[in-house]
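Below is one structure; the comments refer to it alone.
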Amino acid sequence: MTTAEATEVRPVTLVTSDGERLEFGCAPGRSVLEAAAEAGAALPASCKQGTCGSCHASVAEGDYELGAHSPAALPPERRAAGEVLLCRTFPRGPLSVTLPYDGSRILRGGIPRRQAVIVALETVACETVRLELRAEPTEDGGTDCQFDPGQFVELQVPGHDAKRAYSLANTGNWEGRMEFYIRLRPGGLFSTYLRERARPGQTLTAFGPQGAFGLRETGLRPRWFVAGGTGLAPLLSMVRHMAEWQEPQPARLLLGVNTEEEVFGTAELDAVAAELPGFSHRVCVWRPGPSWRGPVGTPADLLAADLAEAPAAPDIYVCGPPPMVDAVVQVAARAGVPAEHVFYERFLPT
Ligand code: FES
């Protein structure tokens, strides 16, 4: 490579699933994700370090270097097929990329920032809390909080620069309501704040909504949702959205937890089932006590059994810890579900 080539800005073209084109330059050493942000377009992303997979896309044309990343975020076979993680993609020349989401998921002018007051904080299961915020009015007086089911916001840890991403469990609304289910991690920065200092009335800074995970329009194909622990949150948002809009696809949700003390969300799922014809849900416990009467095992086990009896491949939406998501993706592949029917988001412990 010549010195001129080494310093040259590389032209990047991104094309969204609805045909929108974004063109910008990417300086040497900058990832496509960083260059897009510098050009005023915040693309869906979360960890920004090659571990979550939320910035995945496909290269249509061009040469690039792919930096260090987790094989769980981008399995070798997908990498070989031209998929990339945009936070780890460094163009070597002109690059053309196809994005798996439409233009509405790209935030122009950066990620929105809102102040939001804690209105509820309650323990709903072992080491799991429900946090409800009410966004304060924007500068123009707006109180709405619109987002697509499946999206997340980042909450700034009070007293720190650090932010933590949490999926929204409710649906878009005009009152500024944001609801989260959060697993409390030992020593976690935001977990420690929630455990020790958080109180109703305190104000947090929220960045978002963000993210490309969400419902896809695929006609009347059944929608199956598979959640591990608090991975239920974005899937609860999706089925609540389906209930609000009375969407006609048959739907089922499988939730897996480690012990029965970790079960939560049952009343909320029952409420969806009461409103949404064709929706059902089940909870399985991996290591139950003697009093547990429900299914035993992982949600991947439940899914395998259900797929064996399914007349046709459904769409499958998955969210939870990486090993659980990977197990579900493998079960779906073994059952013959096409990879393009499977949509997932991994929850990373933070
Ligand atoms: Fe790129 Fe997480 S944002 S892998």
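The values are calculated or read from the model by the stated rules, or taken from the named source; none is laboratory data. Keep in mind it's a predicted model, so treat the numbers as computed, not measured. Glycine gets a Cβ as well: all are built from the backbone with ideal geometry, and neighbour counts include every protein chain shown. Quick note on the areas: whole protein, heavy atoms, side chains included, nothing else; ligands and nucleic acids left out. Shrake-Rupley method; radii C 1.70, N 1.55, O 1.52, S 1.80 Å.
Tabulated data
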read-out	value
Considering residues of the range 325-338 that are in contact (Cβ under 8 Å) with a residue 24 or more places away in the chain and closer than 17 Å to residue 213 by Cα only, the residue most open to solvent (accessible area, probe 1.4 Å)	326
In the range 97-116, the residues that are of a type outside the set (Gly, Ala, Ser), more than 24 Å from residue 204 (Cα to Cα) and outside any loop (DSSP other than H, G, I, E, B)	97, 98
Identity of the residue in the range 208-266, closer than 26 Å to residue 135 by Cβ and in a strand (DSSP E or B), that ends up nearest to the chain's Cα centre (by Cα)	210
Residue 114 vs. criteria modelled with pLDDT of 90 or more and under 23 Å from residue 347 (Cβ atoms)	yes
Filtered residues of the range 281-336 (kept if of a type in the set (Lys, Arg) and more than 23 Å from residue 77 (Cα to Cα))	282, 287, 293
Counted residues, the range 127-143 - those being within 23 Å of the chain's Cα centre (by Cα) and open to solvent by 50 Å² or more (accessible area, probe 1.4 Å)	2
Yes/no for residue 298 being over 28 Å from residue 57 (Cα atoms), β-branched (Val, Ile, Thr) and in contact (Cβ under 8 Å) with a residue 40 or more places away in the chain	yes
Residue 122 in contact with a helix residue (DSSP H, G or I) (Cβ under 8 Å, 6 or more places away or on another chain) and open to solvent by 60 Å² or more (accessible area, probe 1.4 Å)	no
Restricting the range 1-18 to residues that are modelled with pLDDT of 95 or more and closer than 18 Å to residue 108 by Cα, the residue that is surrounded by the fewest Cβ atoms within 10 Å (Cβ to Cβ)	13
Cβ pairs under 6 Å, 6+ apart, first in the range 268-286 and under 11 Å from residue 255 (Cβ atoms), second open to solvent by 20 Å² or more (accessible area, probe 1.4 Å) and of a type outside the set (Asp, Glu)	269/281; 283/263; 283/294; 284/295; 284/302; 285/292
Any chance residue 259 is over 27 Å from residue 148 (Cα atoms) and modelled with pLDDT of 95 or more	yes
Residue ID - farthest from residue 261 (Cα to Cα), chosen from residues in the range 125-137 that are touching a helix residue (DSSP H, G or I) at 6+ places or on another chain (Cβ under 9 Å) and part of a strand (DSSP E or B)	131
In the range 45-72, residue least open to solvent (accessible area, probe 1.4 Å) [restricted to those that are within 12 Å of the ligand (Cβ to nearest atom) and in a strand (DSSP E or B)]	57
Breaking point among (1) farther than 24 Å from residue 318 by Cα; (2) open to solvent by 70 Å² or more (accessible area, probe 1.4 Å), for residue 93	(2)
Hits in the range 73-90 - residues which are touching a residue at least 40 places away in the same chain (Cβ under 8 Å) and either part of a loop (DSSP other than H, G, I, E, B) or away from the ligand (no atom under 16 Å from the Cβ) (or both)	73
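Rundown of residues vs (1) open to solvent by less than 30 Å² (accessible area, probe 1.4 Å); (2) among the hydroxyl-bearing types (Ser, Thr, Tyr); (3) within 24 Å of residue 48 (Cα to Cα), yes/no style:
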site	(1), (2), (3)
168	yes, no, yes
177	no, no, no
186	no, no, yes
199	no, no, no
205	yes, yes, yes
211	yes, no, yes
225	yes, no, no
232	yes, no, yes
270	no, no, no
